[in-house]
Amino acid sequence: MKADLRIIFMGPPGGGKGTQAKILQEKYGLEQISTGDMFRAAIKNETPLGVKVKAILASGALVPDDVTCALIAEKLDSMPKDKGFILDGFPRTIPQAKALDDMLSERSLHLDYAINLEVPDDYIIERIAGRYTCSKCSAMYNDSSKPTKVAGVCDECGSTEFVRRPDDNAEVLKSRLENYRDLTAPLLPYYEEKGILKSVDGVGTVGEVTNRIEKVLGY
């Protein structure tokens, strides 16, 4: 895979975008740009932005475009132009997609692929409701599909402290899925018209989904 490949991962919340982005980052040296990670860092550090974002995410709403776009632009400027990347969680709306087009054009860059992970709602609900993260190393687990090998102990670092995102519950999830359908789903025809949209079945093991993505990318 080319080290300067630029990809967007799309799909509903809990569809596996972050997991797959991390895998491709490690295998091919691409930079993962996760708005979720950026927001969580701001929340953890209790910055003014973090306090604002925490309240927004807890309600199931989306962070305003101007805040998100500013974070992405700052990240792009901090990276070498020949460094490939995977955008995870951005863009989420047509205005964000157009803003991204402008940001990339200003930097003489372009997108190569928009990968859409297709995952049904019932599968997402089961996946999200049970997920939790090590508070020390950020390793991700799930009550049913990926529990820790030793109950209450992180496989990666041995920590016994875990956190569950406040928006990982059925009520907030319904709001997030509605937001996705209303605002993010229209991105599919947007990128299809550009000729870079590729849809991938997101149901299955992590490895199976990774293989499908690599096949779409020609690897």
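The values are calculated or read from the model by the stated rules, or taken from the named source; none is laboratory data. Keep in mind that this is a model prediction, so the values were computed, not measured. In this analysis, Cβ positions are derived from the backbone assuming ideal geometry, glycine residues included, and neighbour counts consider all displayed protein chains.
Does Thr160 satisfy the criteria of being among the polar types (S, T, N, Q), in contact with a Gly (Cβ under 6 Å, 6 or more places away or on another chain) and over 18 Å from Asp121 (Cβ atoms)?
On the way: among the polar types (S, T, N, Q): yes; in contact with a Gly (Cβ under 6 Å, 6 or more places away or on another chain): yes; over 18 Å from Asp121 (Cβ atoms): yes.
Answer is yes for this residue.
Going residue by residue through the stretch 142-151, is there one that turns out to be over 21 Å from Phe9 (Cα atoms), in a helix (DSSP H, G or I) and of a type in the set (D, E, K, R)? No, that holds for no residue.
Determine whether the stretch 184-191 contains at least one residue that is small (Gly, Ala, Ser) and under 15 Å from Asn116 (Cα atoms). For the stretch 184-191, residues small (Gly, Ala, Ser) and under 15 Å from Asn116 (Cα atoms): present. Residues that are surrounded by 12 or more Cβ atoms within 10 Å (Cβ to Cβ), at pLDDT 90 or above and either of a type in the set (Val, Ile, Thr) or over 25 Å from Ala3 (Cα atoms) (or both) do not occur anywhere in the stretch 172-180. Exactly one condition in (1) part of a strand (DSSP E or B); (2) exposed (fewer than 15 other Cβ atoms within 10 Å of the Cβ); (3) among the aliphatic types (A, V, I, L, M) is false for Met79; which is it? Met79 satisfies all of (1) part of a strand (DSSP E or B); (2) exposed (fewer than 15 other Cβ atoms within 10 Å of the Cβ); (3) among the aliphatic types (A, V, I, L, M) except (1). Take the residues in the stretch 19-52 that are among the hydroxyl-bearing types (Ser, Thr, Tyr) and within 14 Å of the chain's Cα centre (by Cα), then tell me which one is surrounded by the fewest Cβ atoms within 10 Å (Cβ to Cβ). Looking at the filtered set, the residue picked out is Thr19.
Against the condition free of Cβ contacts under 8 Å to residues at least 60 places away in the same chain and not basic (Lys, Arg), how does Ser175 come out, does it pass? Break it down stepwise before answering.
Numbers: free of Cβ contacts under 8 Å to residues at least 60 places away in the same chain: no; not basic (Lys, Arg): yes.
It is false that Ser175 is free of Cβ contacts under 8 Å to residues at least 60 places away in the same chain and not basic (Lys, Arg).
Scan the stretch 187-219 for residues that are in a helix (DSSP H, G or I), of a type in the set (Val, Ile, Thr) and over 17 Å from the mean Cα position of the chain (by Cα) and jot them down. Matches in the stretch 187-219: Val216 only.
If you take just the helices (runs of 4 or more DSSP H) that sit entirely in the stretch 1-63, which of them hold at least 2 residues that are closer than 21 Å to Met79 by Cβ and either out of contact with any His (no Cβ under 6 Å at 6 or more places or on another chain) or without any contact (Cβ under 8 Å) to a residue 12 or more places away in the chain (or both)? Those helices (runs of 4 or more DSSP H) span 17-28, 35-44. Condition (residue is within 17 Å of the chain's Cα centre (by Cα), part of a strand (DSSP E or B) and either touching a residue at least 24 places away in the same chain (Cβ under 8 Å) or buried (at least 18 other Cβ atoms within 10 Å of the Cβ) (or both)) applied to the stretch 88-95: is it met by at least one residue? Yes, the conditions are met somewhere in the stretch 88-95.
Condition check ((1) over 27 Å from Val209 (Cα atoms); (2) touching a Gly at 6+ places or on another chain (Cβ under 9 Å); (3) of a type in the set (Ser, Thr, Tyr)) across all residues:
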{"position": "Leu87", "(1), (2), (3)": "no, no, no"}
{"position": "Ala99", "(1), (2), (3)": "yes, no, no"}
{"position": "Ser108", "(1), (2), (3)": "yes, no, yes"}
{"position": "Tyr113", "(1), (2), (3)": "no, no, yes"}
{"position": "Glu118", "(1), (2), (3)": "no, yes, no"}
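So that you can scan it fast, the table gives a plain yes or no per residue for (1) within 22 Å of Val172 (Cβ to Cβ); (2) among the aliphatic types (A, V, I, L, M); (3) at pLDDT 95 or above:
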{"position": "Gln96", "(1), (2), (3)": "yes, no, no"}
{"position": "Ser108", "(1), (2), (3)": "no, no, no"}
{"position": "Leu111", "(1), (2), (3)": "no, yes, yes"}
{"position": "Val119", "(1), (2), (3)": "yes, yes, no"}
{"position": "Ala129", "(1), (2), (3)": "yes, yes, no"}
{"position": "Ser138", "(1), (2), (3)": "yes, no, no"}
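The residues in the stretch 120-138 that are of a type in the set (A, V, I, L, M) and buried (at least 17 other Cβ atoms within 10 Å of the Cβ) can be counted, and the count is 2.
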